[in-house]
1. Being under 14 Å from Leu88 (Cα atoms) and basic (Lys, Arg) is the filter here, so list the residues in segment 35-63 that pass it.
2. If we only count helices (runs of 4 or more DSSP H) wholly inside segment 1-91, which ones have 3 or more residues that are open to solvent by 60 Å² or more (accessible area, probe 1.4 Å)?
Amino acid sequence: MADRQIASKIEEYIEKIHYSDRYSDDLYEYRHVILPKPLLKLVPKEFFDDKAGTLRLLSEAEWRGIGITQSLGWEHYEVHAPEPHVLLFRRAKNYGLPTQPQPAPAGRQANARKK
């Protein structure tokens, strides 16, 4: 019963995560993500830096695991100690989504085999 209540609360908090607009410099685009403070209390203890008492830098799997959703290419690059519920992200300004190799059209494959 308690697990279901916790899961319900987590879902409620995830819906309240705030994503800033993007901003940029010459190299990166940035955004910050603000976690509801009650959600921060539910983040696994191993995600925190024991010495600083703040979140450590999280891998993509970790920040996605606590409910943050963004497009590909973002990295958690900074921790703002005065506001530990604010996570700072960046990605290369020219970031392009990875593309799947496309098969050559059937006519071209046939011509390539004849040569």
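1. Passing the criteria: only Arg56.
2. On the way: elements: 2-14, 37-40, 60-65.
Passing ranges, in order: 2-14, 60-65.
The values are calculated or read from the model by the stated rules, or taken from the named source; none is laboratory data. Remember, it's a predicted structure, so these values are computed and weren't measured experimentally. Quick note on the areas: whole protein, heavy atoms, side chains included, nothing else; ligands and nucleic acids left out. Shrake-Rupley method; radii C 1.70, N 1.55, O 1.52, S 1.80 Å.
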